[in-house]
Amino acid sequence: MKHRYLTAAAAVAVMGLGACGGESATASEETANVEAEDGGWAETVTKTEEGGYLMGNPDAEVQVVEFASLTCSHCRDFAEQSAGGLAEFVASGDVSFELRNFVRDPYDLTMALLVRCGNEDAFFQRSERMFANLDTFGETLGQADQAEMQARLTPQAAESGEAFTIVAEAGGLIDFIGGLGVPEQEARQCLTNTELRDELVGMRDAAIAQYNLQGTPTFLINGEVASGVSNWPQLEARLREMTQ
């Protein structure tokens with residue numbers, strides 16, 4: 001679904017996101033080998049080989065993956081509705097939950113660069129806060145000087161990564177992520193990090209190639225697309241069936 005604030009950001013599309021690619025990051029072996037105490041799995045975060053972030057026991061019997069866009073209202077609804085219940089499943093050690101960013105527009109990519117900036121353990125908290133403030137970001141971007149933005153969003157700015165900084169400034173995202181523990185200088189470095197950008201685009205392209213993924217949220221359960229699961233009530237019911 002398109003959002004009203006994407007018109008201004010659309011100029012960043014000169015990057016040709018579909019043509020980019022990147023290698024997936026390596027999982028943190030140190031974190032993956034942690035055996036959490038009872039109930040501690042919900043605080044255990046691991047970056048996976050596919051580039052996503054996994055909450056819980058990496059060897060859980062039931063492994064859930066969500067492909068999500070940070071500009072997707074349905075993904076926002078899932079994040080809000082699943083917050084407490086999903087943590088309970090994960091805390092048991094029987095279920096793990098991995099979120100893989102599926103970037104579908106320049107503003108989404110800008111947000112994804114920021115939630116992945118800095119401490120890995122804060123990834124889920126930052127993503128949740130991004131979802132919760134989605135409408136506010138859109139309104140802020142819509143109030144920006146559109147002509148000035150268009151003038152600054154040049155092909156050169158896209159190539160250098162400066163375009164993401166421009167969009168982040170217009171949407172109030174740098175100040176917002178600063179309130180979640182990412183200093184301004186570090187946030188600006190992440191926005192111009194071409195390796196991180198290519199990793200995100202590569203993860204999106206891999207999802208399309210491997211799963212023919214077309215929309216978000218899409219869920220995998222134990223490596224297979226979960227047919228009939230597109231929201232939290234449906235996923236919760238499936239998890240209860242699989243863990244009883």
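What follows is calculated from the coordinates using simple rules that are stated; it is not laboratory data. Please read these numbers as outputs of a predicted model, since none were measured by experiment. Don't worry about glycine lacking a Cβ; one is built from the backbone with ideal geometry, like all the others, and counts go over all protein chains shown.
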So if each residue of separation counts as 0.36 nm, and I subtract the Cα-Cα distance between M242 and Q150, what length gain in nm does that give?
28.1 nm
Determine by what factor the alpha-carbon radius of gyration of segment 47-243 differs from 2.2 N^0.38 Å, reporting the quotient.
1.04
Can you give the convex hull volume per residue for the Cα atoms of segment 137-243, as a whole number of Å³?
169
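Hey, any idea what the orientation-averaged projected area of the convex hull of segment 103-159's Cα atoms comes to, in nm²? Provide the component values of the computation, followed by the final result.
Numbers: hull surface 19.2 nm².
The number I arrive at for segment 103-159 is 4.8 nm².
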Inter-part gap, Cα centre of segment 187-205 to Cα centre of segment 130-148, in whole angstrom, is 21
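Rg/Rh for segment 95-136: what does it come to with C-alpha atoms and Rh from Kirkwood? Before the final figure, lay out the partial values.
Values: Rg = 10.7 Å, Rh = 11.1 Å.
Expressed as Rg/Rh, it is 0.96.
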Ignoring solvent entirely, what values of log10 I(q)/I(0) come out of the Debye formula for segment 61-124 at 0.13 Å⁻¹ when each Cα is a single scatterer?
-0.39
For Cα pairs less than 8 Å apart in space and 6+ apart in sequence, what is the mean separation divided by the residue count of segment 47-243, i.e. the relative contact order in percent?
31
Cβ-Cβ cut-off under 12 Å around I166, Lys and Arg +1, Asp and Glu -1: the net charge is -2
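Once you have the Cα-Cα distance between E49 and H74, take 0.36 nm times their residue separation minus that, and quote the gain in nm to one decimal. Show your work: numbers first, answer last.
Numbers: separation 25, 0.36 × 25 = 9.00 nm, distance 2.61 nm.
Separation in residues times 0.36 nm, less the Cα-Cα distance, equals 6.4 nm.
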